[in-house]
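Dropping a structure here in structure tokens format, bear with me for questions.
The values are calculated or read from the model by the stated rules, or taken from the named source; none is laboratory data. The model shown is predicted, which means the values in this text are computed figures rather than measured ones. Neighbour counts are summed over all protein chains in view; Cβ atoms, including those assigned to glycine, are modelled from backbone coordinates with ideal geometry. Side chains included, ligands, DNA and RNA excluded: accessible areas come from the protein's heavy atoms. Shrake-Rupley method; radii C 1.70, N 1.55, O 1.52, S 1.80 Å.
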Amino acid sequence: MGQRIVLLHGVATTAAIWDRVIASLGVLGMRDVVAIQRPCTGSLTDEVEAIAPLAKGALVVGQSGGATLVLALACSGHPIAGGIAHEPAVGSLLPALLAPAAAAFAERGVDGLGSTLYGPTWSSDMAGGDLSAIPRELAMFRSFEPAPVPAGQGRVLVTVGAMSPPIRHEAADALHTRLGYQVATIEGASHFAAWDAPTAFAETVAAHLERNGADYGT
């Protein structure tokens, strides 16, 4: 039996952004995969509590806000097999990281947020039906403060897109140098890696599982 994989989406997207990654993971032989549609409460505690029962014993993979939730879950005391966090928020380690997205939301609403955060391949229909949750979600992710993964928790890898702007690489480096996170670069990817570079993302998941096979019981 392969390792179960749980996928988490970020703000202004739904679980459907993982469809391409799920297909790519299937090609690699990983079929025990579920993309969670989060409740989008705007409360970090409530989001973690909603995710935790589904994530128990799984490799939890997130992009953007979903990556932030991977870090929050890993540090919450809920056991996970491990995690991959693609370009999470980093709080006071780099306060300017989410400022452009917040400014774009204030000026142009959801369209401004989505296009600034994810780039030109994002479209407003990816935000889902309940747009009222987005201000709460944005505030939640901006207020997040990362911490080191506690001893005994599964291994967590932070990834950054090779094509992402320098500030994203600075954020990953801060997580590595200040908090000890392992970091890897996904070639051909930027922030919206699950949609724009699904094969490379899936290969990163597979490589992480292979590298840490003993820890995952494989």
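Might you check whether a residue that is within 22 Å of residue 188 (Cβ to Cβ) and either part of a strand (DSSP E or B) or out of contact with any Pro (no Cβ under 9 Å at 6 or more places or on another chain) (or both) occurs anywhere in region 39-47?
no
Among the residues that make up region 91-100, is at least one of them open to solvent by 10 Å² or more (accessible area, probe 1.4 Å) and within 21 Å of residue 41 (Cα to Cα)?
Taking region 91-100 as the starting set, the residues that turn out to be open to solvent by 10 Å² or more (accessible area, probe 1.4 Å) are 91-100.
Restricting the remaining residues to those that are within 21 Å of residue 41 (Cα to Cα) gives 91, 98.
Within region 91-100, one or more residues are open to solvent by 10 Å² or more (accessible area, probe 1.4 Å) and within 21 Å of residue 41 (Cα to Cα).
Among the residues of region 155-190, count how many are over 13 Å from residue 87 (Cβ atoms), touching a strand residue (DSSP E or B) at 6+ places or on another chain (Cβ under 6 Å) and surrounded by fewer than 19 Cβ atoms within 10 Å (Cβ to Cβ).
2
Also: Looking at the structure I just gave you, is residue 54 of a type outside the set (Val, Ile, Thr) and either in contact with a helix residue (DSSP H, G or I) (Cβ under 7 Å, 6 or more places away or on another chain) or under 23 Å from residue 113 (Cβ atoms) (or both)?
Answer is no for this residue.
Another question about this same structure. In this structure, does residue 123 turn out to be farther than 26 Å from residue 46 by Cβ and among the hydroxyl-bearing types (Ser, Thr, Tyr)?
Details: farther than 26 Å from residue 46 by Cβ: yes; among the hydroxyl-bearing types (Ser, Thr, Tyr): yes.
Yes: the conditions hold for residue 123.
Say we look at region 18-34 and pick out the residues that are of a type in the set (Val, Ile, Thr) and surrounded by fewer than 24 Cβ atoms within 10 Å (Cβ to Cβ); which of these is farthest from the chain's Cα centre (by Cα)?
Step by step, filter region 18-34, then rank; the result is 27.
When you go through 39, 88, 79 one by one, which is the residue that is in contact with a helix residue (DSSP H, G or I) (Cβ under 6 Å, 6 or more places away or on another chain) and either farther than 24 Å from residue 168 by Cα or open to solvent by 50 Å² or more (accessible area, probe 1.4 Å) (or both)?
39
Determine whether residue 111 is buried (at least 17 other Cβ atoms within 10 Å of the Cβ), at pLDDT 95 or above and more than 14 Å from the chain's Cα centre (by Cα).
Taking the combined requirement at face value, the residue does not satisfy it.
Answer yes or no as to whether residue 115 is closer than 23 Å to residue 185 by Cα and without any contact (Cβ under 8 Å) to a residue 24 or more places away in the chain.
Criteria met by residue 115.
Right, something else. For region 122-138, give me each residue that is open to solvent by 60 Å² or more (accessible area, probe 1.4 Å) and either aliphatic (A, V, I, L, M) or in a loop (DSSP other than H, G, I, E, B) (or both).
Once the filter is applied, which keeps residues that are open to solvent by 60 Å² or more (accessible area, probe 1.4 Å) and either aliphatic (A, V, I, L, M) or in a loop (DSSP other than H, G, I, E, B) (or both), region 122-138 yields 129, 130, 131.
Determine which member of the set 147, 189 is aliphatic (A, V, I, L, M), in contact with a Phe, Trp or Tyr (Cβ under 8 Å, 6 or more places away or on another chain), in a loop (DSSP other than H, G, I, E, B) and at pLDDT 95 or above.
189
Also, quick follow-up: Is there any pair linking a residue in region 49-61 that is touching a residue at least 60 places away in the same chain (Cβ under 8 Å) to one that is in a loop (DSSP other than H, G, I, E, B), with Cβ under 9 Å and at least six apart or on different chains, and which?
From region 49-61, the pairs are 59/3; 59/4; 59/80; 59/81; 59/154; 59/216.
Is one or more of the residues making up region 11-25 farther than 17 Å from residue 121 by Cβ and β-branched (Val, Ile, Thr)?
Scanning region 11-25 turns up at least one residue that is farther than 17 Å from residue 121 by Cβ and β-branched (Val, Ile, Thr).
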